[in-house]
Amino acid sequence: MFHAVAAACCRLDDAGFVRLREGDAWHIEAGRGYYAVRNNSSVIAFRIGAKAYPAADGFHFKLTASHSDSPTFKVKAVPEIAGVGGSIRLNVEAYGGMIDYTWFDRPLSIAGRVLVRDGNRIESRLIAPDRDLLLIPSVAVHLDRGVNGGFAPNRQIDLCPLFSAGEFDLGAFDALVADEAGVAPEQVLARDLFLVNRQKPCVWGVADEFLSAPKLDDLACAYVSLAAFLGRENDSAISVWCCLDNEEVGSNTKQGAMSTFLPDVLTRVCAALGGADEDYRRALAKSMLVSCDNAHALHPSHPEKYDEGNRCVLNGGIVVKEAANQHYCTDAFSRAVFSALCADADVPVQTFANRSDTAGGSTLGNLSNIQASMHAIDVGLPQLAMHSSFETMGARDVLQSIRALEAFYAADLRIDGADAVAIG
Ligand code: ZN
C-alpha cells in the first residue's frame, strides 16, 4: 500500500498536481489539481473544474475510489523464528484473506516502510529490496501422502517463510532491513513490512487475452481509475480520485474508507473555495461515487458457483456489482446513470450478483458512504483467482474500463435528488 500510493503520487506529480499536507492551510484555485496523502498509504486527488465554482447552483463532486492494499502476510515485531538445523524463518501473520496455498514454493521478498531515528528526528522510509529473499517450502509429497486430498496449512507452522538455512544468526533480518533503509540497525525503530510475490506480471495466451500479476485486486482498479481521472474531466465538476488503504481488513482505520479522510478532504475543498457548510451538504446531494473493486469472472471449471444470469466474463468489459443486502452500494439510480454514460460512450457493461444461497463479499463504497453519503455504484474489472498471490484478468478489460470511467469523469452530471439526472 505504501508503494502503490508512492507510485500514484509520482503520476500525480508528473501531471502537475500539487501536494497538500493535511497539517497545512489549504489554498486552492479553480482549474487546478491537488492531492492529499494520509499515513502514506491512502491518497485522495482532486481537480477543480474551471467552471465548477463559483456556480449559480453550487458545485458537485464526481469520485472514484479503489483500494491500495492487497492480502498478504505481515512481518511481526519480533521478526525471526530460530528453527531446527540452524534455520531462521520470518514470523508473519495474515493481512486480509488470501488463498494460502498460492504462497508456497515461489521466491518472495518484502516491501513496506521503516521508521528510522536520525538524532532527534524520526522519519519514514520505504524499502522494497529488488531481490529474492524468502520462500515458503512445501512438505514433499512423500512425507505428506494426503496432501492432494485436502491441504489445510497452519499459518503459524506452515506459512512462515524460510530466511536462512544456517548461513546467518538471529538479527540478520534486522540488519538486512537497516541496510536497505541506509541506516544502522539500532536506528530502525519500527516497521510495517509485508511479503511480496516476486513473479513478474505478464500478458499471455496465444491471442494475448490474459493479464496476470500479483495484487490485481485492487491495483488494476486503482490504475484504470487514475488513468481515467488524469485523462478526462468536466469543467463544471470537482473530479476526485481516491485510493484508500485497509479495505482487506475492514476499512476501519484512520486512513481507510470508514475514516474521516474523505469527508475531511471534501469539506476542506469546499471551505477553501469559500463554501459554507450548507454548500458542502448541497454538493453531496448532487455528487456521485464510483467504487471500483474487482469482480469474480466466471471460472471455467466452476460455473455452478455463479448466479445463472448475473455473471461476468474476462474481456467482457467493466462489471456493475449489485447486492440486495447493500454490501454493494449499487441501486437502480446509480446503475441507470452509469449504464447510460457507458452506452453513450459505446463501452460494454457486465453485471454481477452473488448466488442467492451464497454470502458475497463487500467493498469500500458502502463503507465510505457512512462518512460522506451520496449516490454510489460498485463496479470492478472481472478477474479470476481473487486473493491468490498471482491473479488473472482479461487484458482487453484494461482499456474498456478506462473508457467507461473516462465517460464518467467527462460527463456533465446534473443530479436532482433521486428524482432525475441530466447527463451530457
Ligand atoms: Zn478488492
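The values are calculated or read from the model by the stated rules, or taken from the named source; none is laboratory data. From a predicted model like this one, the values you see are computed outputs, not experimental measurements. Positions of Cβ are backbone-derived with ideal geometry, glycine not excepted, and every protein chain shown enters the neighbour counts. Accessible surface is based on the protein model in full, side chains and every heavy atom, while ligands, DNA and RNA are left aside. Shrake-Rupley method; radii C 1.70, N 1.55, O 1.52, S 1.80 Å.
The figures follow:
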read-out	value
All positions within segment 75-87 that are at pLDDT 95 or above and either touching a helix residue (DSSP H, G or I) at 6+ places or on another chain (Cβ under 7 Å) or part of a loop (DSSP other than H, G, I, E, B) (or both)	Pro79, Glu80, Ser87
Test for Ser41: is it in contact with a helix residue (DSSP H, G or I) (Cβ under 6 Å, 6 or more places away or on another chain) and crowded, with 20+ Cβ neighbours inside 10 Å	yes
Test set (1) within 16 Å of the ligand (Cβ to nearest atom); (2) part of a loop (DSSP other than H, G, I, E, B) - Val320 fails condition number	(2)
Options Leu364, Leu341, Leu314; residue that is aliphatic (A, V, I, L, M) and within 16 Å of the ligand (Cβ to nearest atom)	Leu364
Complete set of residues in segment 131-150 that are touching a residue at least 40 places away in the same chain (Cβ under 8 Å) and surrounded by fewer than 14 Cβ atoms within 10 Å (Cβ to Cβ)	Asp132
Condition check for Ala285: within 19 Å of Gly365 (Cα to Cα), in contact (Cβ under 8 Å) with a residue 40 or more places away in the chain, of a type in the set (Gly, Ala, Ser) and open to solvent by 20 Å² or more (accessible area, probe 1.4 Å)	yes
Some residue of segment 160-177 being among the polar types (S, T, N, Q), surrounded by fewer than 16 Cβ atoms within 10 Å (Cβ to Cβ) and either outside any loop (DSSP other than H, G, I, E, B) or modelled with pLDDT of 95 or more (or both)	no
Enumeration of residues in segment 290-301 that are more than 16 Å from the ligand (Cβ to nearest atom) and either crowded, with 23+ Cβ neighbours inside 10 Å or in contact (Cβ under 8 Å) with a residue 12 or more places away in the chain (or both)	Leu298, His299
Unique match (being buried (at least 23 other Cβ atoms within 10 Å of the Cβ) and under 15 Å from the mean Cα position of the chain (by Cα)) among Ser401, Ser368, Ser362	Ser368
Test result for Ala7, closer than 24 Å to Ser401 by Cβ and either without any contact (Cβ under 8 Å) to a residue 12 or more places away in the chain or basic (Lys, Arg) (or both)	yes
Members of segment 1-32 found to be within 26 Å of Asp235 (Cα to Cα) and among the charged types (D, E, K, R), listed by number	Arg11, Asp13, Asp14, Arg19, Arg21, Glu22, Glu29, Arg32
Identity of the residue in segment 45-66, of a type outside the set (A, V, I, L, M, F, W, C) and within 16 Å of the ligand (Cβ to nearest atom), that ends up nearest to Val5 (Cα to Cα)	Ser66
Residues satisfying the stated conditions in segment 223-252, i.e. more than 13 Å from Leu63 (Cα to Cα), of a type outside the set (Phe, Trp, Tyr) and touching a strand residue (DSSP E or B) at 6+ places or on another chain (Cβ under 9 Å)	Val224, Ser236, Asp245, Asn246, Glu247, Glu248, Val249, Ser251
Residue match in segment 247-269 (condition: within 14 Å of the ligand (Cβ to nearest atom), exposed (fewer than 15 other Cβ atoms within 10 Å of the Cβ) and assigned to a loop (DSSP other than H, G, I, E, B))	yes
In segment 204-231, the residues that are more than 16 Å from the ligand (Cβ to nearest atom), more than 23 Å from Ala285 (Cα to Cα) and either among the aromatic types (Phe, Trp, Tyr) or part of a loop (DSSP other than H, G, I, E, B) (or both)	Trp204, Gly205, Val206, Ala207, Asp208, Glu209, Phe210
Given (1) out of contact with any Phe, Trp or Tyr (no Cβ under 6 Å at 6 or more places or on another chain); (2) more than 30 Å from Gly96 (Cβ to Cβ), number of the condition Cys270 does not satisfy	(1)
Conditions (1) within 16 Å of the ligand (Cβ to nearest atom); (2) over 25 Å from Ala36 (Cβ atoms): number failed by Asp69	(2)
Where a residue in segment 185-211 is surrounded by 14 or more Cβ atoms within 10 Å (Cβ to Cβ) and its partner, wherever it lies, is at pLDDT below 95 and not in a strand (DSSP E or B), with Cβ under 8 Å and at least six apart	none
Failed condition for Gly86, given (1) surrounded by fewer than 20 Cβ atoms within 10 Å (Cβ to Cβ); (2) out of contact with any Gly (no Cβ under 9 Å at 6 or more places or on another chain)	(2)
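One line per residue, one yes/no per condition, for (1) within 16 Å of the ligand (Cβ to nearest atom); (2) over 19 Å from the mean Cα position of the chain (by Cα); (3) touching a residue at least 60 places away in the same chain (Cβ under 8 Å); (4) open to solvent by less than 50 Å² (accessible area, probe 1.4 Å):
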position	(1), (2), (3), (4)
Ala324	no, yes, no, no
Phe333	no, yes, yes, yes
Ser356	no, yes, no, no
Met386	yes, no, yes, yes
